[in-house]
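Q: Handing you a structure now.
Readers should treat all values here as calculations from the given coordinates under stated rules, not as data from a laboratory. Just so we're clear, the structure is a prediction, and the values are computed from it rather than from any experiment. FYI the Cβ positions are ideal-geometry reconstructions off the backbone, even for glycines, and counts take in every protein chain you see.
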Amino acid sequence: MAEKIQEQIQEQFQKAFYDNIKDAITTQNHDYIVRLYTEIQIRLAKMLKKDGHTYRRLIEDFDVPFFEQR
């Protein structure tokens, strides 16, 4: 029973997350989209070695200042 409740909560969380993204795109809420993009970059970077090739590529390819331009 607890697993089913946990699964339902997870499904609702994911639905709300994607609904927020759709809403931000629809309403052109650029600030929300940029914050999300930045958060993704930060979280991915924390999983990588700072002196590694993948880390450098992530920082270069997730060009937040470029993404902030409208």
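Q: Within the set of pairs 6 or more residues apart or between chains, which connect a residue that is in contact (Cβ under 8 Å) with a residue 24 or more places away in the chain inside the range 43-70 to a residue that is in a helix (DSSP H, G or I) and of a type in the set (Phe, Trp, Tyr) with Cβ atoms less than 6 Å apart?
A: Listed by first residue and then by second, the contacts come to 67/37.
Q: Being more than 20 Å from residue 64 (Cβ to Cβ) and of a type in the set (A, V, I, L, M) is the filter; apply it to the range 3-30 and report the residue that is farthest from the chain's Cα centre (by Cα).
A: Here is the first cut: in the range 3-30, the ones more than 20 Å from residue 64 (Cβ to Cβ) are 3-19, 22-23, 26-27.
Now narrow it down to the ones that are of a type in the set (A, V, I, L, M): 5, 9, 16.
Working: 5: 25, 9: 20, 16: 14 Å.
Out of the qualifying residues, it is 5.
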